[in-house]
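What follows draws every value from the coordinates through simple rules; no lab data is involved. Bear in mind the structure is a predicted one, so any value in this text is a computation, not a measurement. Because the Cβ atoms are built from the backbone with ideal geometry, glycine has one as well, and the counts that use them run over all protein chains shown.
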Amino acid sequence: GHVRPRATPWWRAQQQRRQLLELAAQGTPRYVYHLPTVRERARQLKAVAALDRRYYAIKANPHLAILRTLVEEGLGLECVSLGEVEHVFAALPELAPSRVLFTPSFAPIAEYAAALARGVNVTVDNVELLRRWPDVFRDRALWLRIDLGHGDGHHRKVNTGGKEAKFGLSAQRVDEFLDVARGIGVRITGIHAHLGSGVENSGHWKQMVDELAGFARRIGSVEILDIGGGLPVPYSDDDEPFDLDAWAAGLAEIKAVHPAFQLAVEPGRFLVAEAGVLLARTTQVVEKDGVRRIGLDAGMNALLRPALYDAWHDIANLSRLDDARDVDFSVVGPICESSDVFAQRVKLPSTTVPDDVMLIADAGAYGFSMASHYNHRALPREDVIDDAQ
Ligand code: LLP
């Protein structure tokens with residue numbers, strides 16, 4: 001397909017730049033989320049006509065303002081722990097439970113029971129649960145997560161399908177599952193799969209719909225096919241931007257083949273990644289054996305993705321955005337770990353000095369939500385900015 005250039009990021013605009021520098025003056029490290037970008041992504045997803053249900057995977061970023069924005073846009077929410085479910089209802093007490101999905105993995109049984117009592121849609125992904133705790137699930141309508149036997153994603157650590165993955169009922173055990181389910185009056189109304197995160201292969205979701213529809217027919221009572229999340233975002237200029245129109249067209253095509261079912265998705269990253277930046281201050285600028293390093297006051301404690309997945313995030317010197325990016329730097333954090341590196345080699349201005357405000361881009365998904373206190377460092381702060389502020 002054709003490669004469209006990445007859109008100019010929101011934080012390059014004069015007004016937002018100024019706002020970000022003002023926020024950085026109140027302390028770093030600091031995540032800032034741009035709500036108009038969140039809204040724009042939600043509206044793009046709403047325009048995908050083949051979809052009947054859209055849920056936001058809140059693990060990507062459970063910030064209250066983001067949840068409110070997405071719920072206002074009409075999205076539902078997908079949660080993976082009782083903590084996330086309770087966070088959602090504390091923030092949005094008016095939210096109808098039917099707009100919330102609970103899709104846990106190996107969670108304690110008490111979390112399933114509490115989620116069912118709340119009236120949210122619960123997804124199970126093994127038969128052992130029903131066998132061991134029949135009374136928790138008796139006479140319920142549930143969704144079933146299937147392992148389609150293959151996975152995908154931007155890194156092996158986010159691949160959630162196939163034999164090595166802990167997720168989903170084996171396709172080999174569907175009949176056994178249905179026997180046990182029928183025995184306790186459980187009806188399967190939704191069928192779910194999520195094969196990985198940051199999936200570049202655009203044929204992926206179409207194939208999933210087809211495979212899930214096959215299982216749905218076998219089961220009989222299924223109304224909804226949930227194809228998970230995994231929509232990618234372009235983190236670098238070398239990444240081909242995700243072609244949402246082609247994705248939508250593919251879904252429309254495959255939906256026409258299986259018109260009996262509603263189609264659901266549950267992306268996290270797509271909705272929030274590009275809306276977030278991490279602001280940090282330069283601590284020291286050091287040369288060692290020909291390598292120039294910029295140290296930041298944010299490290300893998302604030303944004304784990306580079307250390308955990310070798311993930312790439314663009315980095316800019318926000319204090320000197322108009323200076324030439326003329327020199328290769330390694331950009332590192334203050335954590336006592338060799339993997340505390342944001343970029344081994346990135347062009348940044350040679351004018352960079354301590355105390356400059358540096359910006360790490362596309363950090364709105366799996367940034368703060370994976371942050372830790374490692375090395376006894378404080379969690380980053382968080383702000384949102386909106387239009388007309
Ligand atoms: N649904 C289920 C069942 C999931 O497990 C996930 C993500 C999603 C939806 C949302 O996936 P998304 O659309 O955001 O790709 N920490 C990793 C990503 C882990 C994703 C885990 N599950 C990262 O930073 O790349």
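Miscellaneous remarks
- Segment E22..R131, full-extension length gain: 33.6 nm, with 0.36 nm per residue of separation and the alpha-carbon distance subtracted.
- Distance-filtered residues of the stretch 189-219 - backbone nitrogen under 18 Å, label point 7 angstrom along E253 Cα→Cβ: 200-213
- DSSP bridge analysis restricted to the chain gives an antiparallel fraction near 40%, rounded to the nearest 5.
- Residue-span extension gain [D386 to A49] - 0.36 nm each, minus C-alpha spacing: 118.6 nm
- Of all DSSP beta bridges in the stretch 273-385, antiparallel share, percent nearest 5: 85 percent
- Alpha-carbon Rg/Rh ratio, for the chain, with Rh computed the Kirkwood way: 1.00
- Cα gyration tensor, the stretch 79-187 - rounded (a/c under 1.5), prolate or oblate: oblate
- In Å, descending, principal axis extents of the Cα set of the stretch 136-247: 54, 29, 23
- Taking Cβ atoms as reference points and 13 Å as the exclusive limit, the residues near G333 contribute a net charge of +1, counting Lys and Arg as +1 and Asp and Glu as -1.
- Modelled label positions at M370 and Q15, each set 7 Å beyond Cα in the direction of Cβ, lie 3.3 nm from each other.
- Kirkwood-based shape ratio for the stretch 178-296, expressed as Rg/Rh from alpha carbons: 1.22
- The stretch 126-138 - phi-based ³J(HN,Hα) in whole Hz, Karplus 6.51/-1.76/1.60, Gly and Pro as x: 7, 8, 4, 4, 5, 5, 7, 10, x, 5, 5, 9, 3
- Relative pair counts by distance (%), Cα atoms of the stretch 273-385, 10 Å bins: 15, 51, 30, 4, 0
- In plain terms, the bigger the Kirkwood radius, the slower the diffusion; for the stretch 258-298, with that radius from Cα pairs, at 10 °C and 1.306 mPa s, Stokes-Einstein puts D at 108 µm²/s.
- Paramagnetic reach from R293 in the stretch 313-340 [backbone N under 15 Å; point 7 Å along Cα→Cβ]: 329-340
- Listed from fewest to most Cβ neighbours within 10 Å, the set W247, W205 follows the order W247, W205.
- Under 30 Å of direct C-alpha separation, and excluding same-chain neighbours fewer than eight residues apart, K163 reaches these lysines: K59, K206, K255.
- Label sites at F106 and A165, each approximated as a point 7 angstrom past Cα along Cα to Cβ, lie 1.5 nm apart.
- Annotation note: trypsin sites (Lys or Arg not before Pro) in the stretch 161-201 located in DSSP loop regions with a Cβ neighbour count of at most 16 within 10 Å are K163, K166.
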